[in-house]
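As structure tokens, the structure follows; a few thoughts come after it.
The values are calculated or read from the model by the stated rules, or taken from the named source; none is laboratory data. Keep in mind that what you see is a predicted model, and the values were worked out from it rather than measured. Positions of Cβ are backbone-derived with ideal geometry, glycine not excepted, and every protein chain shown enters the neighbour counts. Accessible surface areas use protein heavy atoms only, side chains included; no ligands, DNA or RNA. Shrake-Rupley method; radii C 1.70, N 1.55, O 1.52, S 1.80 Å.
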Amino acid sequence: MTSDIETTVWRALDGFVIEIPSWGFADTGTRFGKFHQPAAAVTLEEKFHDAGVVHRLTAASPTMAIHVQWDLSPQQRPQDIAALAKSHGVGVGSINPNVFQDPCYKFGSFCSPDADARRSAREHLAECITLGAQCGSQCLSIWLGDGTNYPGQDHLRRRKRDLQAALRDIHQQLDREWPAAALLVEYKPFEPAFYHTDIADWGMSYVFCKAAGEKARVLIDTGHHLPGCNIEHIVAFLLDEGMLGGFHFNDRKYADDDLTIGSIDPYAVFRIFDQIAQFEFETGARAPIAYTIDQSHNLKPKLEATVQTVCEAQKLFAKAHCVDRKALAAAQANTDVVGAETVLRAAYETDVTPLLHQWRRNRGVPLDPLAELRSSGLIERLGRPREAARERRHGSP
Ligand code: AFD
Ligand code: MN
Ligand code: MN
């Protein structure tokens, strides 16, 4: 006989689809250096291959987010990209433009005082929209590094108005060319700009989304908050407004550290998922949220870090769906502070391993995907030909 908890958790896991980032498989580093891994993916084919490995091991990650400039060459046709993804058992996920690395974006993209930079950014977004519409993606996910480094450097309200106009124009192009797509607008308090960032917090993203059009939603990157910020409160508020579009998962000790989710503060992630679970319990509907990993796997082997992340996210999401919602509501109604907290902590401390194992058994995937990967020798087997290919390309690793 299936218990209510089992039904609730399995149904939640069915809907908890976690998109993996192409950039999670490639060599990354910090501004102090890049650390090469032999099995790191370089080509789009290798990235889709690795995404397929993760999905076959977890049954939870059917799409891979594309970072347009990091992954694609101008010659690649959208239909070929979609076919390549399909050949590895995954689909094309969110389209991530890049208007922060080209030298023309030195003073910003859509907010730049330089009309040519604004024009370049708009042209790049137009190309991204055409690409997304033609390769079966469902989402355009925008992050801007726009900002300034010094007081007085630029006119803050002029920058805001230029960005509002650009996002409105982008939204209109989505309506014309890619009507099924969601438009996610990410925020970040600082970095690469160090005095002000044009989309610095959830409120600014909210206002930009409202001005852009009805497809636009706020994207919460869990590493993009100043220390002490109550992220689950932002989640609750945006859920209630119908303006939460999705997440970029990672963890952080100090800033946007891009560590793996739950590695520093798993209880914080649980509290975020608890707000979503409560919303789903009370509405009886799945929250329309895009869950995407956005991490830099500098020290951890890329594939291990990605599988570990998917499993950790599933575990915390399952725990959040173990909360006794009726007992919690009663304790809250009676201002039973300790009682309410005890209900929440009991769910957090629930061992959901048997529930995860049964969910995976039902899908024919390994009960412990990470252990399976680590014992398979796959990463070592991938490293050798990829290292050889790198040497052919560059003459050295
Ligand atoms: C960087 C940014 C932001 C963005 C990601 C992918 O901080 O999180 O979403 O790159 O473009 O991590
Ligand atoms: Mn992000
Ligand atoms: Mn980030």
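Screening Ile276 with (1) more than 15 Å from ligand 2 (Cβ to nearest atom); (2) open to solvent by 10 Å² or more (accessible area, probe 1.4 Å) gives one miss only, at (2).
Among the residues of the stretch 16-46, which ones are outside any loop (DSSP other than H, G, I, E, B) and more than 16 Å from the chain's Cα centre (by Cα)? Can you show your working first?
Taking the stretch 16-46 and keeping what is outside any loop (DSSP other than H, G, I, E, B), we get 18-24, 29-30, 33-34, 44-46.
Selection gives Gly29, Thr30, Gly33, Lys34, Leu44, Glu45, Glu46.
The set of residues in the stretch 293-302 being open to solvent by 10 Å² or more (accessible area, probe 1.4 Å) and either within 16 Å of ligand 3 (Cβ to nearest atom) or closer than 12 Å to Ala26 by Cβ (or both) consists of Asp294, Ser296, Asn298.
In the stretch 84-132, of all residues being acidic (Asp, Glu) and in a helix (DSSP H, G or I), the one that is nearest to Pro62 (Cα to Cα) corresponds to Glu127. Glu372 satisfies every condition listed in (1) within 23 Å of Asp251 (Cβ to Cβ); (2) touching a helix residue (DSSP H, G or I) at 6+ places or on another chain (Cβ under 8 Å); (3) of a type in the set (D, E, K, R) except (1).
Can we say Asp257 is more than 16 Å from ligand 2 (Cβ to nearest atom), under 29 Å from His297 (Cα atoms), of a type outside the set (Gly, Ala, Ser) and open to solvent by 30 Å² or more (accessible area, probe 1.4 Å)? Quick ask: steps written out before the conclusion?
Details: more than 16 Å from ligand 2 (Cβ to nearest atom): no; under 29 Å from His297 (Cα atoms): yes; of a type outside the set (Gly, Ala, Ser): yes; open to solvent by 30 Å² or more (accessible area, probe 1.4 Å): yes.
In short, no.
For the stretch 246-301, residues that are within 16 Å of ligand 1 (Cβ to nearest atom) and in contact with a Cys (Cβ under 9 Å, 6 or more places away or on another chain) total 3. Could we say that Arg161 is farther than 22 Å from Cys139 by Cα, free of Cβ contacts under 8 Å to residues at least 40 places away in the same chain and either basic (Lys, Arg) or away from ligand 2 (no atom under 16 Å from the Cβ) (or both) here? Yes. Here is a check on your reading of the model: is Val207 within 14 Å of ligand 2 (Cβ to nearest atom), at pLDDT 95 or above and either among the hydroxyl-bearing types (Ser, Thr, Tyr) or within 23 Å of Pro288 (Cβ to Cβ) (or both)? Answer is no for this residue.
Among the residues of the stretch 155-187, write down those that are part of a loop (DSSP other than H, G, I, E, B) and either open to solvent by less than 40 Å² (accessible area, probe 1.4 Å) or closer than 18 Å to His67 by Cα (or both). Please lay out each step first, then the result.
Step one: list which residues in the stretch 155-187 are part of a loop (DSSP other than H, G, I, E, B), which gives 155, 178-181, 187.
Hits for the stretch 155-187 are Trp178, Ala181, Tyr187.
When the stretch 59-73 is filtered for residues that are open to solvent by 40 Å² or more (accessible area, probe 1.4 Å) and under 11 Å from Val90 (Cβ atoms), only Pro62 remains. All of (1) in contact with a Gly (Cβ under 6 Å, 6 or more places away or on another chain); (2) over 12 Å from Asp198 (Cβ atoms); (3) hydrophobic (A, V, I, L, M, F, W, C); (4) open to solvent by 50 Å² or more (accessible area, probe 1.4 Å) hold for Phe100 with one exception: (2).
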